[in-house]
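Some notes on the structure that comes next.
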Amino acid sequence: MIAIIDYDAGNIKSVEKALVSLGQDVCVTRDAQEILSADKVILPGVGHFGDAMEKLHRYGLVDVIHQVVQQKKPFLGICLGLQLLFERSDEAPGVEGLGVLKGEILRIPDQEGLKIPHMGWNSLHLQNDGRLFQSIPEDTYVYFVHSYYLKAADEQIVKATTQYSTCIHASVEQDNVFACQFHPEKSSTWGLKMLENFANLDRRDA
C-alpha cells in the first residue's frame, strides 16, 4: 500500500491516478495510522510553502512524517512536497520547513527571456546514481511548475539537476527519502517509470 498524504494541497488526484495506472494499491489519507501502516508514503503538492506548513501542523502530520522517515519507509516528496522537506523557503520567510533534509528553497532568479513561474518541459542531468532514475536516459525531459527552487546543502544527495536561469537541484535522495521538484506523474512514459521505480523499492533498498 502506498499512502498519499492529503493536506488540501493541489495535484493529489493526478499522482493517485498515475499510481493506479501502474497497478499500485493506493490510499489518499491524512489519518496517522493509515499513513504509518503504509509500505510507502508520498507527499505531493502545489501551492504556497507557508500555507502548506500551516496545514501540515493543523492536521497533525508533521510528527507523522518524521515518524515515517525514522521508520525507514520509502518516502517521496513531489514539487511542493520536495520543498517542504527542507529547512526554509524564500516564499515564506520565518516559516520552518520539515527539516528532514538540509538546504533551502530560493526564488528562481529573474533572467531576460525566461518566465517565472517556470512552467514546462526541461531535460535532466543525472548524477550520483539515483535509484528513481534506474533505466532512465540522460537528458530525459520532465514537466516543471514552480517559482522557487532547491539548493541542497549536500551536493551528494542531488541525483538530478536542470538549468533554468540557474542550476536547479531537481531531484534528491538520502537513505529512504526521495524527492522531485518536477512532476513525474505528468512527465509521460519516463515519469511513470520513475514512479514505478519508487513503487518497486522495499525497505531494504531504502
So, relative contact order of segment 7-104 in percent, Cα under 8 Å, 6 or more apart, is 27
What share of all Cα pairs of segment 94-192, in percent, falls into each consecutive 5 Å distance bin?
3, 12, 25, 24, 20, 12, 4, 1, 0
In the full protein assembly as shown, how much of ARG58 is accessible to a 1.4 Å probe, in Å² to the nearest 10?
140
Could you identify which residue out of GLY47, GLY97, GLY77 has the top mean-square fluctuation in a GNM of the chain using Cα springs shorter than 10 Å?
GLY47
Charges at C-beta only: +1 for Lys and Arg, -1 for Asp and Glu. How large is the resulting dipole of the chain about its Cα centre, in Debye rounded to 20?
220
What does the accessible area of SER188 come to, in Å² to the nearest 10, when a probe of 1.4 Å is used?
80
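When the accessible area of segment 1-118 is split by element with a 1.4 Å probe, what percent falls to carbon and sulfur?
Working: 2440 of 5240 Å².
Exposed carbon and sulfur together represent 47 percent of the surface.
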If I build a Gaussian network model for the chain, linking alpha-carbon pairs within less than 10 angstrom, which residue out of ALA32, ALA179, ALA160 has the largest mean-square fluctuation?
ALA32
Across PRO109, PRO44, PRO184, the residue with the highest GNM fluctuation in the chain (Cα network, 10 Å cutoff) is PRO109
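Sort segment 1-62 into rounded, prolate or oblate with this rule: let a ≥ b ≥ c be the square roots of the eigenvalues of the Cα gyration tensor; rounded if a/c is under 1.5, and if a/c is not under 1.5, prolate when a/b is larger than b/c, oblate otherwise.
On the way: a/c = 3.09, a/b = 1.39, b/c = 2.23.
Because a/c hits 1.5 or more and a/b fails to exceed b/c, segment 1-62 counts as oblate.
Mind running the shape call on segment 35-168? Use the C-alpha gyration tensor, a ≥ b ≥ c as the square roots of the eigenvalues: rounded below 1.5 for a/c, prolate if a/b tops b/c, oblate otherwise. Mind showing how you got there, number by number?
Working: a/c = 1.96, a/b = 1.24, b/c = 1.58.
Oblate is the answer for segment 35-168, as a/c is 1.5 or above yet b/c matches or exceeds a/b.
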Starting at the first residue of segment 146-152, write each ³J(HN,Hα) from the Karplus equation 6.51 cos²θ - 1.76 cosθ + 1.60 with θ = phi - 60°, in whole Hz, x for Gly and Pro.
6, 10, 10, 9, 8, 10, 6
Straight distance only, please: which aspartates and glutamates reach the Cα of LYS151 with their own Cα at less than 18 Å, same-chain residues fewer than 8 apart left out?
GLU87, ASP90, GLU91, GLU96, GLU104, ASP110, GLU173
Whole-Hz ³J(HN,Hα) from phi, Karplus 6.51 cos²θ - 1.76 cosθ + 1.60, for segment 165-176, glycine and proline x
6, 8, 7, 9, 6, 8, 7, 10, 7, 9, 6, 8
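Per residue, how large is the accessible surface of the chain? Use a 1.4 angstrom probe and give square angstrom.
Per residue, the chain has an accessible area of 44 Å².
Which pairs in the list LYS73/LYS193; LYS115/LYS193; LYS13/LYS102 are over 26 Å apart, alpha-carbon to alpha-carbon? Each step should come with its number before you reach the end.
On the way: LYS73/LYS193 20 Å; LYS115/LYS193 29 Å; LYS13/LYS102 29 Å.
Violating the 26 Å limit, Cα to Cα: LYS115/LYS193; LYS13/LYS102.
The values are calculated or read from the model by the stated rules, or taken from the named source; none is laboratory data. Being a predicted model, the structure only gives us computed values, none of them experimental. With ideal geometry, Cβ positions are generated from the backbone for all residues, glycine too; neighbour counts draw on all protein chains shown. These area figures cover heavy atoms from the full protein model, side chains too; ligands, DNA and RNA do not enter into them. Shrake-Rupley method; radii C 1.70, N 1.55, O 1.52, S 1.80 Å.
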